[in-house]
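Colleague: Please read through the structure below; I'll follow up with questions.
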Amino acid sequence: MFKIKTLFIALFVFSFFSLNAQTEIDLIQQTLMDYIEGTANGEPERLKRAFYKDFKLYYIANDSLNVWSGKHYINNIAPGKKNNRIGRIISIDYENDASSAKIEIDMPDKKRIYTDYLLLLKYEGRWKIIQKSFTYKLYYE
């Protein structure tokens, strides 16, 4: 009887932590989808929900590090204007209130595939993207 109770308690504890982990992954995915769908569908309000207000974007051009203001990035999204962007989440890793994610954005019109590396923090009950670095590769024909 003791073994059955111990096994039941162990399964309950394991289930609780598994559900909690899934919930955090779901919350992170929601933030990432706000970013992916917000840029694809011309929804700057979704981007504001996904990104920390002072986030920055980092990229390399002509062998130089460039920093782009997140506010400027969001202001370039025309409300209601759909963009031919196909985004997908490649990976998510998190511990407590810190996370990293890798996103791939296919832009067929530009013949480019972007890879975004995002850092997220959870505060005030929400995951926010605090930093984005990205690169791209051209389609090979």
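Colleague: Can you give the local net charge around residue 38? Use residues other than it whose beta-carbon is closer than 14 angstrom to its beta-carbon, Lys and Arg +1, Asp and Glu -1.
Modeller: Values: positive: 46, 48, 49, 81, 82, 85, 128, 132; negative: 34, 37, 43, 45, 116.
Net of charged neighbours comes to +3.
Colleague: A further question on this structure: Distance in nm between label sites at residue 106 and residue 37, each 7 Å beyond Cα in the beta-carbon direction?
Modeller: 2.0 nm
Colleague: Sort the following peptides by mean Cβ neighbour count (other Cβ atoms within 10 Å, averaged over residues), highest first: 63-75, 103-115.
Modeller: Values: 63-75: 12.1, 103-115: 14.8.
The peptides rank, most packed first, as 103-115, 63-75.
Colleague: Checking the a/c ratio against 1.5 first, then a/b against b/c, what shape does the Cα gyration tensor give for segment 73-141?
Modeller: On the way: a/c = 2.82, a/b = 1.56, b/c = 1.81.
In terms of gyration-tensor shape, oblate.
Colleague: Shifting gears a bit: Estimate the FRET efficiency between residue 29 and residue 134 by the formula 1/(1 + (r/R0)^6), using the beta-carbon distance for r and 25 Å for R0, to the nearest 0.05. List each step's numbers first, then the result.
Modeller: Details: r = 19 Å, r/R0 = 0.77.
It comes to 0.85.
Values in this text are rule-based calculations from the coordinates and carry no lab data. Please read all numbers here as calculations on a predicted model, not as lab measurements. All Cβ positions, even for glycine, are placed from backbone atoms using ideal geometry, and neighbour counts span all protein chains on display.
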